[in-house]
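**Student:** Once you've had a glance at the structure underneath, I'll fire off some questions.
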Amino acid sequence: MKGGLRAVSIFEAGKGVLVFSLALLLSSFVSRDLHGIIAEFRTRWNVDPSSHIPALAKMLMHDLTGSRLHFLIMLAAIYALMRFVEAYGLWFEKRWAEWFALLSGGVYLPVELYELAKGFSWLKAGVLAINLVIAGYMLILLIRGRAAAAGAERA
C-alpha cells in the first residue's frame, strides 16, 4: 500500500514540476512578441507548433494577449500547486489525498475517452491507461479503508 501511494505521489509531483516549468517558460514570454516567435519557429523549422497541442490550448492561445498569458500562467501555477498538495498528502498517506487523487484522476477520464474516440494514438491510450490505473488503485484503497473502519467499529 505504502509503495503504491508513494509511486502515485512521485508521479503527481512530476506532473506538478512539469506544469510549473511550463508556467515559468510562459512567464518568459510576457513582454515578448509571442506571435512573432511562433511565426519565426514555423518558417525556420517548417513546423507548426499548434498542430501538436490540444484544441483547448489552441483556443486559449488564440489572440494571445498579455492579460491572457498572465491568466494561463496563473492557471498553470494553480494546477501545479494542486499536484504538489496531492503528492504531499499521498506521500504521508492522508485519506483526503486518496479522495483527491480519485476525483482529480477520474474527472479527466471522460475527456480522455472522447479524445481517444476521435482518433487513436498511443499517447492518448497511455494517458488513459495511467489515469485508469491510478483512479482504480485509489478506489480500491478507499473501499478497503472503509471496510477496515467498519470492521473496527464492530469489534
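The values are calculated or read from the model by the stated rules, or taken from the named source; none is laboratory data. Quick caveat, the model's predicted, so the values are computed rather than measured. A quick note on method: Cβ atoms are made from the backbone with ideal geometry, for glycine too, and the neighbour counts reach across all protein chains shown. Heavy atoms of the whole protein, side chains included, go into the accessibility calculation; ligands, DNA and RNA do not. Shrake-Rupley method; radii C 1.70, N 1.55, O 1.52, S 1.80 Å.
**Student:** May I ask you to verify whether Ala129 is of a type in the set (A, V, I, L, M, F, W, C), surrounded by 10 or more Cβ atoms within 10 Å (Cβ to Cβ) and at pLDDT 95 or above? Let's see the steps before the verdict.
**Tutor:** Details: of a type in the set (A, V, I, L, M, F, W, C): yes; surrounded by 10 or more Cβ atoms within 10 Å (Cβ to Cβ): yes; at pLDDT 95 or above: yes.
In short, yes.
**Student:** Could you count how many residues in segment 68-110 are among the basic types (Lys, Arg) and either outside any helix (DSSP H, G or I) or under 15 Å from Leu18 (Cβ atoms) (or both)?
**Tutor:** Residues that pass the stated criteria total 2.
**Student:** Another one. Kindly indicate whether Leu116 is in a helix (DSSP H, G or I), closer than 14 Å to Arg95 by Cβ, in contact with a Lys or Arg (Cβ under 9 Å, 6 or more places away or on another chain) and open to solvent by less than 80 Å² (accessible area, probe 1.4 Å). Steps first, please.
**Tutor:** Values: in a helix (DSSP H, G or I): yes; closer than 14 Å to Arg95 by Cβ: no; in contact with a Lys or Arg (Cβ under 9 Å, 6 or more places away or on another chain): yes; open to solvent by less than 80 Å² (accessible area, probe 1.4 Å): yes.
Against the criterion (in a helix (DSSP H, G or I), closer than 14 Å to Arg95 by Cβ, in contact with a Lys or Arg (Cβ under 9 Å, 6 or more places away or on another chain) and open to solvent by less than 80 Å² (accessible area, probe 1.4 Å)), Leu116 does not qualify.
**Student:** Out of Trp91, Trp99, Trp122, which single residue is in contact (Cβ under 8 Å) with a residue 60 or more places away in the chain and open to solvent by 80 Å² or more (accessible area, probe 1.4 Å)?
**Tutor:** Numbers: Trp99 fails: in contact (Cβ under 8 Å) with a residue 60 or more places away in the chain; Trp122 fails: in contact (Cβ under 8 Å) with a residue 60 or more places away in the chain.
After applying the criteria, what remains is Trp91.
Quick grid of which residues meet (1) farther than 30 Å from Gly36 by Cα; (2) at pLDDT 95 or above:
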site: Ala80; (1), (2): no, yes
site: Arg83; (1), (2): yes, yes
site: Val107; (1), (2): yes, no
site: Ala148; (1), (2): yes, no
